[in-house]
Amino acid sequence: MDFLKKQAKVEDEIFTFQISDKTTKSVTDFYREKPFPHYNKKDNKASLLHSGDSNFLAKIFKQFVGFNKNILEIGCGTGQLSIYFAIGSNNRIVGLDPTKESLKIASRFTKENKIKNVRFVNADLFDNVLKDSFFDFIWCNGVLHHTKDPYEAFKLSVKYLKKDGYILVGLYNKIGRIRTNIRKLIFKIFGKKMILKIDPILRKNKIKADDQIDAWIRDQYIHPVESTHTFDEVLNWFKRNDIDFINSIPSTNFDDYKKNFFQKSGKGNFFSRIFTQLSMIFNSYGDDGGLFVFIGKKNV
Ligand SMILES: C[S@@+](CC[C@H](N)C(=O)[O-])C[C@H]1O[C@@H](n2cnc3c(N)ncnc32)[C@H](O)[C@@H]1O
């Protein structure tokens, strides 16, 4: 797989580049302490396949991708999703992340579980080390809002996509994250004990392992670099970069996804989009930290 445009050092089977940007370094320092999302101690190929298949979006994405494709995961962290995409397919997966410690965990897992079709790249997205127009699918969830310039990062990501390729971006929503922002203040004053009681994900035991609980608390409440975005802002990013809007979660037009999720859907209008973002405050999207996902297709 010839996916790099710059020469890398190979360390621990990871294509490694120097990280020099100040903001990216502050983010990698943060994740070095507690790599995210991290594994359960008993995780293996079967358990990863099971948890991937239990994730609606990951499962339908994998089905939609099919076979013999190039897939890039930007900000893959400890690599579970990249590995899930690789299991049982002949697709070629690249997971890119600037946090070496996360990738070491990912690389060790692929080695122990004899997964051959994933490669990991230790690089900052802004250093532009990947080949243009190489990937059929790009998955970038929960990453751009932790960078110094989310729009520039999006622009770069799109460069790596082939014509007719698909990109999925997941970002914190400006309105939908309001509840988390309030909890952030509470965390600052009352600390971890209180957050264990009031964070909806932790209260409902959706995360069980201690390492994963700590990683979640850090990620939600004490991240050093974080921004929030609106639906209309991302629609504008799409427009400026010749990306056709395909679909979103939650839906911009009250669609309930009965049809093929990757078939073009309507964008709704300004009011439907505002309504959906306001509802995020009160529903499970708000529980999850106000993350929303947009999918687009490259036109040129
Ligand atoms: C919240 S974690 C998300 C991990 C994974 N995508 C997930 O959904 O579980 C954010 C990830 O973005 C990565 N990241 C931050 N800045 C980055 C950059 N400039 N280039 C590429 N990845 C970056 C971090 O190292 C971290 O692994």
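The values are calculated or read from the model by the stated rules, or taken from the named source; none is laboratory data. Source: prediction; values computed, not measured. All Cβ positions, glycine included, derive from the backbone under ideal geometry; neighbour counts span all protein chains shown. These accessible areas exclude ligands, DNA and RNA; they are computed on the full protein's heavy atoms, side chains included. Shrake-Rupley method; radii C 1.70, N 1.55, O 1.52, S 1.80 Å.
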Exercise for the section: Inspect all residues belonging to the stretch 14-24 and state whether any of them is farther than 12 Å from PRO98 by Cβ and either touching a Ser or Thr at 6+ places or on another chain (Cβ under 7 Å) or among the β-branched types (Val, Ile, Thr) (or both). Expected result: no
Exercise for the section: Take LEU57 and decide whether it is part of a helix (DSSP H, G or I), touching a residue at least 60 places away in the same chain (Cβ under 8 Å) and either in the same structural domain as ASN113 (by TED's automatic domain parsing) or of a type in the set (S, T, N, Q) (or both). Expected result: yes
Completion exercise
Of the conditions (1) assigned by TED's automatic domain parsing to the domain that holds GLY75; (2) surrounded by fewer than 14 Cβ atoms within 10 Å (Cβ to Cβ); (3) over 17 Å from the mean Cα position of the chain (by Cα), the single one that LYS159 does not satisfy is (2)
Practice task
Would you be able to say whether some residue in the stretch 255-267 is open to solvent by 20 Å² or more (accessible area, probe 1.4 Å), modelled with pLDDT of 95 or more, more than 16 Å from the ligand (Cβ to nearest atom) and of a type in the set (Asp, Glu)?
Solution key: no
Practice task
For LEU196, work out the one condition from (1) more than 16 Å from the ligand (Cβ to nearest atom); (2) surrounded by 18 or more Cβ atoms within 10 Å (Cβ to Cβ) it doesn't fulfil.
Solution key: (2)
Completion exercise
Condition set within 11 Å of the ligand (Cβ to nearest atom) and not in a helix (DSSP H, G or I), scope the stretch 83-101, selection nearest to ILE19 (Cα to Cα): answer is PRO98
Problem - Given (1) assigned to a loop (DSSP other than H, G, I, E, B); (2) open to solvent by 30 Å² or more (accessible area, probe 1.4 Å), index of the condition ARG119 fails - result: (1)
Completion exercise
Pairing a residue in the stretch 68-82 that is under 12 Å from LEU103 (Cα atoms) and assigned to a helix (DSSP H, G or I) with any residue that is within 7 Å of the ligand (Cβ to nearest atom) and open to solvent by less than 10 Å² (accessible area, probe 1.4 Å), where Cβ atoms lie under 7 Å and the two sit 6 or more apart in sequence or on different chains, gives SER82/CYS76
Problem - Residue count for the stretch 36-50, restricted to those that are away from the ligand (no atom under 15 Å from the Cβ) and hydrophobic (A, V, I, L, M, F, W, C) - result: 2
Problem - Flag if ARG203 is open to solvent by 40 Å² or more (accessible area, probe 1.4 Å) and in contact with a Leu (Cβ under 9 Å, 6 or more places away or on another chain) - result: yes
Completion exercise
If we keep only residues of the stretch 106-157 that are in contact with a helix residue (DSSP H, G or I) (Cβ under 9 Å, 6 or more places away or on another chain) and aromatic (Phe, Trp, Tyr), then the residue nearest to the ligand (Cβ to nearest atom) is PHE126
Exercise for the section: Could you please give the count of residues in the stretch 209-248 that are crowded, with 17+ Cβ neighbours inside 10 Å, outside any loop (DSSP other than H, G, I, E, B) and more than 14 Å from the ligand (Cβ to nearest atom)? Expected result: 12
Exercise for the section: Run down GLN7, GLN18, GLN80, GLN63 and say which single residue is within 16 Å of the ligand (Cβ to nearest atom) and surrounded by fewer than 14 Cβ atoms within 10 Å (Cβ to Cβ). Expected result: GLN18
Handout entry: Filtered residues of the stretch 83-103 (kept if among the hydroxyl-bearing types (Ser, Thr, Tyr) and open to solvent by less than 10 Å² (accessible area, probe 1.4 Å))
Key = TYR84, THR99, SER102
Exercise for the section: Inspect the stretch 165-174 for any residue being on the phi < 0 side of the Ramachandran plot, open to solvent by less than 70 Å² (accessible area, probe 1.4 Å) and not in a strand (DSSP E or B) and give the result as yes or no. Expected result: no
Practice task
Exactly one condition in (1) within 16 Å of the ligand (Cβ to nearest atom); (2) modelled with pLDDT of 95 or more is not met by ASP53; state its number.
Solution key: (1)
